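Encoded as structure tokens, the structure appears first; notes follow it.
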Amino acid sequence: MKDNIYARMTKKSWERDWLSTVCFTVFAAISIALISLTTMLFVNLTGAINNLMKVAKTPDFLQMHMGEIRTEDIERFAREEPGVTDYQVLHFLNLDNSILSLGGQTLLDSTQDNGISVQGDGFDYMIDLDNELPQVLPGQVYVPVCYESLYHIKVGDLMKIGEESLTVAGFIRDSQMNSMMASSKRFLVCEEDYERLKQLGSEEYLIEFLFDEGVDSNAFKTAYEKAGLPMNGPTITGPLIKMMNTLSDGIMILIILLISLLVLIISLVCIRFMLITRIVSETGEVGLLKAIGISAKNIRMMFLRRYCVLVFLGAVLGIFLSVMMFTPLSTQMQKLYGVSQSGFGRVIFAIASALLVGGVIVLFVLRVLKKINKMTAVKALTGNLGEEKKKGNKLGIAFVTAIAVFLMMIPTNLYSTLSSPEFVTYMGIGNAQIRMDMREGEAGGEDFHRIEKQLSEDYDVKEYALFQTNATPVKLSDGTAMNMLMEWGNHTRFPVTYSKGSAPDREGEAAISYLLSEELGLEPGDTFEVKKAGKYEKCRVAGIYSDITNGGKTAKIYDETLSNTENVMWRIAYITLTDSASQRKFIDRYTAEGAEVVDIASRIRGTYGPTLSQVQRASVLVKIIAFVIILAILMLFVRMIISNQRYQISIKKALGFQSRNVQKCFCKSCFLYVIIGIAFGTFCGCTLGERICGMALQSLGAVGFKFDLNIWQIIMNMILGGLAAISAVYLGSNGIRSIEAVECCRGKE
């Protein structure tokens, strides 16, 4: 008998309010789909990167060096240092971008340090798109896969290096330099061509080591420095390589995860409202069941089984949707990193995440159903449950609107910030109009001073500042000696972003990057010793700044004269032009002088182009999702509010109020909550969203992160959210027209 009553109640409930049933299933499906999609993308990305690094045998420690080396010293160190399983010294030929072209397109404006290299001997392989080691023949070149779409290159195109030509034979994945966030790119050639082209560039060494599992890279770096081995260049570790590979696509996954969690919260709020409405509408049946002796627990289980079926249907639909969305969203990461070794594992994680979200929804439903315990048989049969149980929760309108607007604001604000010229100050780069790079070579100092003289006499130049980066020996207060990647110059010009303290503005002051301060435990006011002109001098820490370049571990020291010429790695100039100057002509003029000149905006696009494209795509996707959320969910909310207020609306009609007047009054009362939701969502998107993005960037070395707000984009998001909410309220309130005046005569249902 109990089962028959349950079956009849379930059938009657689904037939009477099929829309709520469908909406519940859709809420569950969307929540499960987005969480499953996020899981699959993350598992695929990390799995593909791990597989790529495994196949390519990525080094655990890489020291770049320009200058002379003694391979026997490196060999002896590798043999004596515990934990080292293998080592090698690779040659990397830096080429001036002005002499490079791909498929007829010049690389003059490229922000990458491009060069050629040969295949590693034993590890650090560059592999083709089938994860195999390509066999490079004379006259052939393999191009970084990220350049395939960037320059629209295809097999058979020509790569020109000065007057020399190589034929593109394919594309390679370079586990070290795959990401556009890596500042260098390697083209793979054979040894014969490398030796032939050697005279066209400046040679750099990649000193690489493989470790046993569990070896601390920081401890190894300390031992390497103490051994006095070559260090005239950036130091890169395996974890840093993995982080840089993960970051570009990881930002998109992070945004989708945030959307998923917020959509789940919205779904739970809507589900709660639907359940309470359904319980109230079925009070008669609940009262009858209690009257014939069925316990509240059994009644609760009857309801729960009904919604478990809907959650299961939602899970199946959600997994199907996540699989459908996975392919288009994972295309770029599969091109860059390949596919995860185990597609089956990806599906298992997707199902596990679906079960987890489904379980959360079921537990939430069970919690809401506990309200049945408070219903007595008499109250349930008479419908006297208290008015507070039937009031429409219009705060839900504000809540849903706020969440949706908040969703739109985060990727919009993140995109406007990353694409802003001011964002370079988080990269350890001055906020200038033009950046001029000069790699150290045989005539590096002479060229630098010659260009400095030209800049000082150039009428197109409004302001400029010169800097040089050295691998500088330093000593900490505890006696620890190390080499620090230190930029010398006047840092009060074109300053970067400082989270603590300020720029060094006098002799004997320096600033260090956030990650370096964390590693060394240095704060503003602390001191350490810097080697200058052959002797160590005391230096005070003036500030901590953001830097996500060169591993995020750099320093800046005040030196107006740039007198330290030991271990110079590169020299740069920051320049701002006058209003009347032609930026293009200025760049062309100084490029002809042998410098690598690029405007800062192009540098950002070149470094973060793929990331910006993904954030922009995510922003469009979020706007669509947020619009649908507001439109669909608010329509349901309004419909349920009207259902709960049906008796009161019927009384108004019986008193002579017309449907359009009742609807107009109802809409006005809802619009206030829409405005509150838009305002609160915008405020949180610009404040809480800033903190969320700042936490992610802090792990890379960017601290004190602030949104660069685009007011027009913010206004557009507010208008879009407002239009969706107003449309949803109006369309949902059309149900008022179907309520008849005579209904109030039948009593409360």
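Throughout, read-outs are computed from the coordinates displayed, never taken from laboratory work. Everything numeric in this text was worked out from a predicted model, so none of it was measured. Here the Cβ is made from the backbone with ideal geometry for all residues, glycine too, and neighbour counts use every protein chain on show.
With R₀ fixed at 30 Å, the C-beta to C-beta distance from Ser669 to Cys308 puts the FRET efficiency at about 0.25.
Could you tally the net charge around Leu631, taking each other residue with its Cβ under 13 Å from the Cβ of Leu631, Lys/Arg +1 and Asp/Glu -1?
Details: positive: Lys623, Arg639; negative: none.
After counting each charged neighbour, the total is +2.
Calculate, for Arg79 and Trp712, the FRET efficiency according to 1/(1 + (r/R0)^6) with r their C-beta to C-beta distance and R0 56 Å; round to the nearest 0.05.
Numbers: r = 63 Å, r/R0 = 1.12.
Taking R0 as 56 Å, the efficiency between Arg79 and Trp712 is 0.35.
Derived scalar couplings between HN and Hα for the range 73-78 equal 5, 5, 4, 5, 4, 5 Hz in order, rounded to whole Hz, by the Karplus curve 6.51 cos²θ - 1.76 cosθ + 1.60 (θ = phi - 60°), x for Gly and Pro.
Amide H contacts of Asn232: Met66, each under 5 Å away and 5 or more positions distant or on a separate chain (H built 1.01 Å from N in the peptide plane; Pro and chain starts excluded). Residues whose amide H comes within less than 5 Å of that of Met484, counting only those at least five positions distant or on another chain, are Thr472, Val474 (H built at 1.01 Å from N in the peptide plane).
Which percentage, to the nearest 5, of the DSSP beta bridges contained in the range 105-199 is antiparallel?
Restricted to the range 105-199, the bridges split so that about 45 percent are antiparallel.
Going by average Cβ density within 10 Å per residue, which order do the peptides 580-586, 39-45 take, highest to lowest? Could the numbers behind the result be given before it?
Values: 580-586: 12.9, 39-45: 23.1.
Taking the mean over residues of other Cβ atoms within 10 Å, the ranking is 39-45, 580-586.
For Thr554, nonlocal amide neighbours, meaning residues 5 or more places apart or on other chains whose placed amide H falls under 5 Å from its own, are Ser513, Leu516.
For the listed residue pairs Lys221/Lys242; Lys221/Lys532; Lys160/Lys198; Lys57/Lys185; Lys160/Lys185; Lys198/Lys453, the alpha carbons are over 25 angstrom apart in Lys198/Lys453.
By the Stokes-Einstein formula, at 0.890 mPa s and 25 °C, the range 468-577 with its Kirkwood radius over alpha-carbon pairs has D equal to 178 µm²/s. Across the range 222-228, coupling constants 3J(HN,Hα) worked out from phi with the 6.51/-1.76/1.60 Karplus curve, θ = phi - 60°, read 4, 5, 4, 5, 5, 6, x Hz, and Gly and Pro carry x. Taking the alpha carbon gyration tensor of the range 154-271, multiplying each eigenvalue by 5 and rooting it gives semi-axes of 39, 27, 11 Å, largest first. Counting charges near Phe312 (Lys, Arg +1; Asp, Glu -1) among other residues having Cβ under 13 Å from its Cβ returns a value of +2. In this simple spin-label model, placing a label point 7 Å from the Cα along the Cα-to-Cβ direction at both Ile651 and Ser613 gives a separation of 6.2 nm. Remark: C-alpha extents of the range 82-209 on the principal axes read 49, 32, 30 Å, sorted largest to smallest.
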